[in-house]
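A quick write-up on the structure given underneath.
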Amino acid sequence: MSYIGIDEPGKRMLLMGNEAIARGALEAGVHFCSGYPGNPASEILTTLSDVAKEFDSYVEWSVNEIVALEAAGAAAISGLRALTAMKNLGADVCADFLMTANLSGTKGGFVLVTGDDPSAHSTTSELDTRNYARFAGIPLLEPATTQEAKDMTNWAFDLSEELEVICMIRTVTRLSHSRGVVTLGPIKPEKRSANFGFQDMWTSGSSRITCMLHSILHEKLKKAQAKFEESKFNWYVGKDDADFIIVTSGTGWLYSLEAVKLLELEEDVGILKLGTTWPLPEKLIASHLRHAKEVLFVEETDPFLEQNVKVLAADLAIEGFGPIRFYGKKSNSIRGEFGAGTGELDVDIVIQALTEIKELTYVPTEKEYISKAQELLSSIVPSRTMSFCAGCPHRASLWAIKKALKWDGRDGIVTGDIGCYSLAMLPTGFSVARTLQCMGAGIGTANGFGNLRRFGLNKPVVALTGDSTFYHACIPALINARWNGANLLLVVLDNNTTAMTGHQPHPGSGVNALGQSSSKVLIENICKGIGVEVQVCDPFNLDEAVQNLYEMLQTDGTKVMIFRHACPLAFPQEKKVRVYVDQDKCIGEECGCAKFCTRVFGCPGNIWDYEEGKAKIDETICNGCGFCAELCPEEAIIIEEVA
Amino acid sequence: MMEGPLNLVITGVGGQGNVVASHIFASAASKDGFNVSVGETYGASQRGGAVMSHVRLSEKTQYGPLIPRGQAHIMLGFEPIECLRAVTGFGNRKTRVIVNPRPIYPIDVLSGVSKYPPIEDVLEAIKKLVSSVHVVEATELAKEAGNPIMQNIVLVGCLAGTEFTPVKIETLKEVIEETFAEKHPRANLKAFELGVEQIRRIKPI
Amino acid sequence: MYRIEIKGPRELQNEVLDKELCSACGACTNLCPYIDMVAGRAVMIEPCNLSEGKCYDFCPRTYIDVPTLDNDLFGTYRSDLRIGSNIMVIKARARDDEIKSAAQYGGVVSALVTYALESGEIEAAVLAGASIDQINPKPTVVRNRSDVLQCAGSKYIVCPTITEVLEAAKKTTGKIGLVGTPCQVTSVRKMQASKFETAADKIGLVIGLFCTWALLPQAQDYIKDLVGSVNLVKFDVPPPPANMFIIETETKKVEVSLDEMRRFIMPACNVCFDMTSEFADISVGTVEGAADWNTVIVRTGFGKELFRQAREAGIIETAPLEKERLDHLYEASLNRKKKVLKEMESKKISCLIIREEDRSKLLS
C-alpha cells in the first residue's frame, strides 16, 4: 500500500501540503477526483491517482478545469464524494459552472480545492481565489498548516454534505509545496452507489426559481456561519483583552507567530487565527474587536479578511465598538517588493509592519553586513534567467520560428501561451513570443491580430500553443479562426506530455491519470475535422521545419503546424551517447561562428571555456540529443555512441 | 536543545536535486522525533532557474516554511553563485556553509550578457559573510559513486558528517535506502558515505 | 587617399540589406549560421557580435575598391574606363553540336567550362543551374560535360551562385571555376583579396557574364500566371529596340512587353557600375543581331592562355568583332556607368571607389 494511504491513525508523517490534502480526502472516503495540472495544486491529484486502485476511487485528469468541476459535480449529485483540484487561474476557467453549481446544490460532499500562487512564482497572475467563495456565496476554508490541510479537507466533505452545497478550500504555494509533520487520522472509506434518475433534478433554474435557489443558498451560508463560530479551526492566542491584535489566516498564522516571537511582543499582541474565512464567524470576530484598538490583517495577496472584517466593524459601530485603527494592505503596512497587496507573505514582512506600527527597531543582521552583502550581490553575482532544459525541442522549434519569420521579412507577430514554452518570451526562447496571458490566449488573441489587415496590420501572425494547452483551450479559438477568416498560423509544440506541471498525461498521450491505456485524440485529426491545413514536422529536422513554416506563411488562411518531438525529461532517450567538442575544429569567437552554440543557441549543455577560448559540452547536463552538432557550422561537435 | 528553530537552506539550480535532498534530510529529522517544516520553490524555477529549500527543525513548535532574512544557521550550496546569492539574503556571521564549487553557467553568462566571477572570488565573498566555509568537490565524489547527479546526496552526507545538526547518520542512511529502494540504493549510499568521509577529512577555507 | 574600413554584420544590414542594395550574389551566405539567402535577398537572422566580418568584406555593395582589385588582377589601374581592363574583345562560338544545341547563344560559356574541366584545369565549377520547372535557377556544382550541359541557357531570374562556391572549393583538392554575373565576380575577387582566410585561393577560372539586370524570384509567379503550369524551355530578351521578354514553353512562345517585367528588376541592379564583369578572367555576352555568336572579352593572362588553348583544341572558333558592334558595346557600357554614378550620387551610395578624375569625367 502506497504510504499516503496507510491505515495507521495517530502515526506522524512528514507530508507535503498537497499530500496532506489528498490524505484528508482519503480519510473522508472520496470517490471521484478530477482536475487539471496546475502549479501549485498538481500533486493533489497525482497523489490521489497513486492510490486510486487500492481505494477503488476514480481519478481523472480532465481536459480543463471546467470539465473537471462539471464531472465532479455530476458524481456529487449522484451521491458520491467528489473533489476537484486546480490552480488559481483554473477557478476562472470553471467559474461558469461554479456560479451555477452553487445554486444547483449537491448531494454527496463536493469540495473544490484551489491553489493560489502569491508572487506568481509559476503563474501569470496573483489571483486570490478566496474572492470566488464570496462571489459564489459558498463556504471557504483556509488551512494554515499541513495538519490543517488534511483536517480541513476531511471536514469539508462533511460540511458540504450537510449543507448540500459545494465547499471551497484555498491553499497557496507555500502551504501546498511545503512539508510539515502531520498526525494521520482514521480512513473511513464508504462504499456508495451512484444514483441519478428521472426523479432527480439538478439545475440553477432561471427567473424566479433562480432567485429562490439564491435565497436558499443564503440560508445555507447562515448555517455554515453558525458552525464556524464553534469551529476548532479558529482560535485566539495571546493576551485576552489585547489592545493590539493580528487577524490572520492561512500561512499568515505561522509567520505572525514567529514575527511576534522574534520581536518579543507575546505579552502585547494577540493573534486571532481564522480557518473558516467565508462566511466570517462574526460573533467570534466581534468578541475580539470589542477589546482591540488596533488590528493588523496578515493574509496572502488580497485584503479579503481586511475588507470583510471592516464591513463587520462598520455594522458593529452602532453597538459602540471602536474606534479601531485598522492596518493591512490599505495602510500599506503589509507590503511586498512592489507594494501592498502584491507578492507573498513572509516573516520579514510581518516584522516590518509591526516595527513600523509600533515604532520598534529590529535588525536581523547589522547594517554593515547587509550593505556588504548587497554590494557583493550586485557586483559579482550574475542573475540566473530561466532556460529550457538540455535537449528541449522547444528550443529547436522557436529557432525555426525565428528563422522562418526573418525569412518572411514582414516583422511577424508571435503570441505566446502557457506551458514550458511560455519561456518563448525570454532569451532562452530567442524572445520570439511577445504576448502571454492565460490558457488559450495565444490563438485567442491571434484571432484578433489576424483580422486587423483592414486596419493596416498586415503581417504574419503566429500563435504558439502546447499539446496539453491545445486540448484545454485552443479548439474553440481555432474554429473561430476558420469561421471568421483570421489569417494565422498556429504552431503546436507537441512534446507528448504536460511538461511544466510535472509531466502529466493528456488526451494525446494514450494513457490516463491512472496509468491505464486510453484512446488517443490526435491533434492533427481535430484540425482536419475543423477543416484547416495541418502539417506535422519534427523540429529537430531544422531545415525542413523552417522551409515548411516559411511556405505556410506565404499564403493566407488559418493553418496549423505541429512540431512534434518528445520531452527528453519525460521520455529520456535510450541510446547512450557521449557528446563533446573537437577542440581543433571549434573556431569559437571567430567570424563564421561567433560562439553560436553558447552565445545564441543557449542549451545549458553547451558551455564556454574562457581559458581555452573554445566551446565545450557539460557532460553532467547534456542529454545527448545531438541537435547542437547539427547546427555547428564547423561540424566540431561529435556524438559518440557509448556501450 | 536549542532556542527556536534550526534553519537550513539548501540552494542550487533547478534540476540539481534540491527537493530530494531537503526531503531526505527532513524525513530523517522527523524520524528522529523533531518537528520539521520545509519550504520549497517548485514549478517554473526548475527550468534552469535558482531554487532554494528552507528546512526548519524544532523540538516542539512548528514553524512556518520560510526562514526569515538573515536567520540561516546552515547553508548547503549545490552551486557557488547560488550559494552566495542565498547567503546575502539569509546568512549571518554565524552561518556554516558547505558548498560544491562546480559552476553551472546561467544563460545570462553563456550569452555574454553577464560574467561568471572567478570561483575563488565567490568563495572568498561567501567566507567574508559567514562563520565557516567547507568546499567539497561533490560532483567529483558523486562520479566516484557512480553518477555526477548524486552530488546532492554527497552534500547531504557532508552535512551529516558535521556536528551542525542533531540528525543521526543512521537515520539518514535509512531514509536514503527507502527513498531509492527502486533505483540505485547502493550508489546513493556510497555517495552519502563519501560525503561523510570527505567533510571529516577537510578543513574550512 | 581613401581608407577601407572593414565592418561587421550590423553595418551590412544598415548599409546594404536595409537599403535594398542586395543583389543576391550569395557571398555573405553559407559563411555562418546568421545569414541565409531567401527568395532573392540575403536575410540576416540576427547580427553576430563581431565588429568585423567576412559578410561585410565579401559583399559587392559595401565597398568596391576598383584600384586595388585592378592592381591585383591586372597589375595596374584600368586603361579603359568604358569596359575595364582587357587584352582583346572578339566574337566566338562553340563548335561542338551538342553544346551548340543546348546553348542559347554562342555556347562559349558551356564550351569553356567543359574544356576547363576535361583538361583538368579545374576539378569542379559552380554554375547557375536550371531547376526542374526552368524558372528558378539554383547554384549547381558541375564536374563533367553532361553536368555543364544541364546548366546551359541564359538565366534572367537571379541565381545566388556564390552561396556554393566556398563549400565547393573546400571539397576539392584542385582548383574550381565559376560562372557569375558582375556582382558575383566582384564578390569572389573581394574574397581572394580579403584578410580573412578562406578556400577562395582555390578558385581558378572566373567567367563573367554581361549583365544589365536580374529579375526577382517574384517574377516566377507572374510568368506562371501568364503561361499556366506548363514546362518552360527558356527565356529570352532580344536586343533593343525590341523591348520584349520572350517566354518559350514546350508548346508555344509568349511575348511580353519588357515594361511588364521591369517591376521585377532587382533594385540593386540600378546602381551596378559593371555591365561586362570587369574582374573576370573572361567575360562573355551576346552579339546583337547574331544569335549564334558570343561577344568575348579576354582580360587576365590566365584567361588569355585558356582561351588560346581552347581555340587551338578546336573547342571554340573566333572571328573579329565588327567595329560597329564594338563601338556600340563601349557606348552602352559607358552610358550605363554615367547613369549609375548619377544615381549613386543622388542616393548617397558611396561604395564605389574609383579615381577621382574618372568620377568627374563620368559625372560631367
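Since every read-out is calculated from the coordinates, none of them should be taken as a lab result. Everything numeric here is computed off the predicted structure, so don't read it as measured data. With ideal geometry, Cβ positions are generated from the backbone for all residues, glycine too; neighbour counts draw on all protein chains shown.
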- Query: Counting partner chain Cβ atoms within 10 Å of every residue's Cβ in A:341-353, what's the average?
  - Reply: 2
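Rank these for me by crowding, A:Arg12, A:Arg410, going from fewest to most other beta carbons within 10 Å. Spell out each step's value before the answer.
Details: A:Arg12 15, A:Arg410 10.
Listing A:Arg12, A:Arg410 from fewest to most nearby Cβ atoms yields A:Arg410, A:Arg12.
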- Query: When all alpha-carbon pairs of the protein assembly as shown are counted, what percent fall beyond 56 Å?
  - Reply: 34 percent
- Query: Check C:Met244: other-chain or 5+ apart residues with amide H under 5 Å from its amide H, H built from backbone geometry?
  - Reply: C:Leu258
- Return A:Val492, A:Val111 ranked ascending by Cβ neighbour count within 10 Å, so the fewest neighbours appear first. A:Val492, A:Val111
- Taking each residue of A:250-260 in turn, how many C-beta atoms of other protein chains fall within 10 Å of its C-beta, and what is the average? 3
- Task: Could you work out, for region B:6-201, what percent of all Cα-Cα pairs fall into each 5 Å distance bin, beginning at 0 Å and stopping at the bin that holds the largest distance?
- Result: 1, 8, 17, 21, 22, 17, 8, 3, 1, 0
- region C:304-347 residues near the modelled C:Ser364 label - backbone nitrogen below 19 Å, point 7 Å along Cα→Cβ: C:331, C:334-343, C:345
- Message: Skipping prolines and chain starts, which residues have an amide H placed within reach, meaning under 5 Å, of the one on B:Gly49, given they are 5 or more residues away or on another chain?
- Response: A:Ser387, B:Gly14
- Convex hull over the alpha-carbon atoms of region C:289-364: what's its volume per residue in Å³? 148 Å³
- Item | Largest to smallest principal axis extent of the C-alpha atoms in region B:36-114, angstrom | 49, 30, 19
- Quick one: net charge of A:His506's neighbours, Cβ under 14 Å, K/R +1, D/E -1? -2
- Note on the structure: Charge tally for neighbours of A:Gly105 with beta carbon under 9 Å away, counting Lys, Arg as +1 and Asp, Glu as -1, is +1
- Item | Ellipticity estimate at 222 nm from DSSP helix runs (n ≥ 4, -39,500 (n - 2.57)) divided over chain A, nearest 500 | -10500 deg cm²/dmol
- If you count, for each residue, the other Cβ atoms within 10 Å and average over each peptide, how do A:156-164, C:56-64, C:107-115 line up from highest to lowest? C:107-115, C:56-64, A:156-164
- Using a Förster distance of 41 angstrom, determine the FRET efficiency expected from the C-beta separation of C:Ile4 and B:Glu120, and round it to 0.05. 0.35
- Query: Tally Lys and Arg at +1 and Asp and Glu at -1 over the other residues with C-beta under 13 Å from the C-beta of C:Glu255: what net charge comes out?
  - Reply: -2
- Test item: B:100-110 mean partner chain Cβ contacts at 10 Å: 6
- Karplus (6.51, -1.76, 1.60) ³J(HN,Hα), θ = phi - 60°, over region A:125-136, in Hz, Gly and Pro reported as x: 6, 9, 2, 9, 6, 4, 4, 5, 4, 5, 4, 7
- Checked chain C against the a/c 1.5 cut and the a/b vs b/c comparison, axes a ≥ b ≥ c from its Cα gyration tensor; verdict rounded
- Message: Principal axis extents for region A:235-358, Cα atoms only, whole Å, descending order, please.
- Response: 38, 29, 24
- Stokes-Einstein D for region A:12-229 at 20 °C, 1.002 mPa s, Kirkwood Rh over Cα pairs, in µm²/s? 126 µm²/s
- Sequence-distant residues sharing a close amide H with C:Asn136 (under 5 Å, placed H): C:Ser131
- Going residue by residue through region A:41-54, the Karplus relation 6.51 cos²θ - 1.76 cosθ + 1.60 with θ = phi - 60° gives ³J(HN,Hα) values, rounded to whole Hz and with x marking Gly or Pro, of 9, 3, 5, 4, 6, 5, 5, 5, 6, 4, 10, 4, 4, 4
- Item | Values of log10 I(q)/I(0), in the order q = 0.18, 0.20, 0.23 Å⁻¹, for region C:1-122 under a Debye, Cα-only, solvent-free model | -1.02, -1.04, -1.13
- Tell me which lysines have Cα within less than 16 Å of C:Lys342's Cα, excluding those fewer than 8 residues away on the same chain? C:Lys361
- Listed residues C:Gly120, C:Thr140, C:Val108: farthest to the positive end of the dipole of region C:92-153 (Cβ charges): C:Val108
- Message: Nearest 500 deg cm²/dmol is fine: what mean residue ellipticity at 222 nm does chain C get from its DSSP H runs of n ≥ 4 alone, each adding -39,500 (n - 2.57), divided by its residue count?
- Response: -9500 deg cm²/dmol
- Item | All Cα pairs of region A:381-421, percent lying beyond 10 Å | 77 percent
- Query: Fewest to most neighbouring Cβ within 10 Å: what's the order for B:His134, A:His291, B:His54?
  - Reply: A:His291, B:His134, B:His54
- Given charges of +1 on the Cβ of Lys and Arg and -1 on the Cβ of Asp and Glu, with all other atoms neutral, how large is the dipole of chain A about its Cα centre, in debye to the nearest 20? 1460 debye
- Given region C:216-305 reduced to its alpha-carbon atoms as identical point scatterers, what log10 I(q)/I(0) does the Debye formula return at q = 0.23 Å⁻¹? -1.21
- Query: Peptides A:63-72, A:424-433: what's the order by average Cβ count within 10 Å, highest mean first?
  - Reply: A:63-72, A:424-433
- If we sort B:26-34, B:111-119, A:26-34, C:214-222 on the protection proxy, mean other Cβ atoms within 10 Å, highest first, what's the order? A:26-34, B:26-34, C:214-222, B:111-119
- Message: Output wanted: per-residue J couplings in Hz (rounded whole) for region C:78-90, from phi through Karplus 6.51 cos²θ - 1.76 cosθ + 1.60, θ = phi - 60°, x for Gly and Pro.
- Response: 4, 8, 10, 6, 6, 10, x, 4, 7, 9, 7, 10, 8
- Taking a straight Cα-to-Cα line shorter than 16 Å from C:Lys323, and setting aside same-chain lysines fewer than 8 residues away, one finds C:Lys91
- Message: Just want the answer: with Cβ charges of +1 for Lys and Arg and -1 for Asp and Glu, which residue in A:His177, A:Val30, A:Ala41 is farthest toward the dipole's positive end in region A:12-229?
- Response: A:Val30
- Item | Over 45 Å [Cα-Cα, chain A], rounded percent | 29 percent
